[in-house]
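Student: Have a look at this one before I ask anything.
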Amino acid sequence: MDDMSKKDLVVIDYNGYDYEKFWKNSGRDYEDAADKLAIRKLLPKHTRSIVDIAGGYGRLAPEYLGRADKATLFDYSKTELAQAKKIYGDKLATKSGDAYHMPFADGEFSAAIMVRATHHFEDVEKVIQEIHRILEPGGIAVIEVANKKTLPRMIRYWRGKSDVSPFDLSIENRKDVTKTVFYNYHPKYIEKIFRDAGFEIEKVRSVSNFRSAKLKKVFRKGGLMVLERGAQKVLAPVRFAPSIYYRLKKK
Ligand SMILES: C[S@@+](CC[C@H](N)C(=O)[O-])C[C@H]1O[C@@H](n2cnc3c(N)ncnc32)[C@H](O)[C@@H]1O
């Protein structure tokens, strides 16, 4: 996708959208807690400066504010950034822009985080290269990736209910790209992109392993988080969950 120009790329615009509502009282407490647990485990305990890329209204800021001397929330949507300012005030710097061309200097940050954003990128490779550029050598990136090779997808495929093979390395576009982008990635595909960009994969976590309406009813958030705590590391080698988290180090 190297030849894609800026104007060719679709940006999913959250301006005017209340993303906080997506999380608040929406039955997604388990997924929220699972994300936060993974971040707590993967982020450095202390870092000079962190940028939360496509960070929305700063849902995850409580996980990194205490660990960084300076924290910046970066997002395309000014609605999200304004909401973050209301919540965090001066504790969190905000910057708007497009992840394909970030308004930051080479090596500006010692750490970066990007969660629930890869599924929106038509050219994920370009964004990963940008993250590599804005990190200092040895800098750490914690990136969540939407996984196409999950057990439910395998079952759907084997039963003939879906013709999208979860074993195929190519990107899965789940919706009409001209309206709303929603991509899932095969772990091998995205891991090659990380390595080609100049990252070493230091740690992997399988996250939101029990994302299922039925399981939520039976176990509730507390029960699911007991299971999740054990599963994130154990299931990482098979890249089991719909969300795979990577801790990457810039070489
Ligand atoms: C699903 S939200 C995730 C927000 C946050 N990371 C979280 O997990 O709560 C996706 C975010 O990506 C942002 N986004 C999408 N495309 C972008 C782009 N090209 N550049 C910067 N931000 C983008 C949207 O504005 C939105 O806030």
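Student: Write down the percent of antiparallel bridges among all DSSP beta bridges whose residues are both part of the chain, to the nearest 5. Spell out each step's value before the answer.
Tutor: Numbers: 18 of 37 bridges.
Antiparallel bridges: around 50 percent, rounded to the nearest 5.
Student: When all protein chains stay in place, what accessible area (Å², nearest 10, 1.4 Å probe) is found for SER212?
Tutor: Answer for SER212: close to 40 Å² accessible.
Student: If you plug each phi of region 149-155 into the Karplus form 6.51 cos²θ - 1.76 cosθ + 1.60 with θ = phi - 60°, what whole-Hz ³J(HN,Hα) values come out, in order, with x for Gly and Pro?
Tutor: Residue by residue, region 149-155 yields 9, 9, 4, x, 5, 5, 4 Hz.
Student: Taking 0.36 nm per intervening residue step and subtracting the Cα-Cα distance, what contour gain separates LYS214 from VAL226 on full extension?
Tutor: Numbers: separation 12, 0.36 × 12 = 4.32 nm, distance 1.66 nm.
Net length gain for the segment: 2.7 nm.
Student: Here's another thing I want to ask about it. For n ≥ 4 DSSP H runs only, could you compute -39500 (n - 2.57) per run for the chain, divide by its residues and tell me the 222 nm figure to the nearest 500? Walk me through the numbers before you get to the answer.
Tutor: Working: 8 runs with 86 residues, N = 251.
Value at 222 nm, helices only, nearest 500: -10500 deg cm²/dmol.
Student: Assuming R0 = 35 Å, what is the FRET efficiency of SER165 and LYS249, from their Cβ-Cβ distance, to the nearest 0.05? Please report the intermediate quantities before stating the final value.
Tutor: Numbers: r = 32 Å, r/R0 = 0.91.
The pair SER165/LYS249 has a calculated efficiency of 0.65.
Student: Would you kindly state how much longer the chain becomes between TRP158 and ALA93 on full extension, computed as 0.36 nm times their sequence separation minus their alpha carbon distance, in nm to one decimal? Don't jump to the answer; show the numbers that get you there.
Tutor: Details: separation 65, 0.36 × 65 = 23.40 nm, distance 4.76 nm.
That works out to 18.6 nm of additional length.
Student: Now, a different point. Relative contact order, percent, of the chain when contacts are C-alpha pairs under 8 Å separated by at least 6 residues? Before the final figure, lay out the partial values.
Tutor: Working: 471 pairs, mean separation 51.0, N = 251.
Once divided by the residue count of the chain, the mean separation gives 20 percent.
Student: Where the convex hull is taken over the Cα atoms of the chain, what is its projected area averaged over directions, in nm²?
Tutor: 13.4 nm²
The values are calculated or read from the model by the stated rules, or taken from the named source; none is laboratory data. Please read all numbers here as calculations on a predicted model, not as lab measurements. Counting neighbours? That spans all protein chains shown, and the Cβs are built from the backbone with ideal geometry, glycine included. When the accessible area is computed, the model is the full protein with side chains, heavy atoms only, and any ligands, DNA or RNA have been set aside. Shrake-Rupley method; radii C 1.70, N 1.55, O 1.52, S 1.80 Å.
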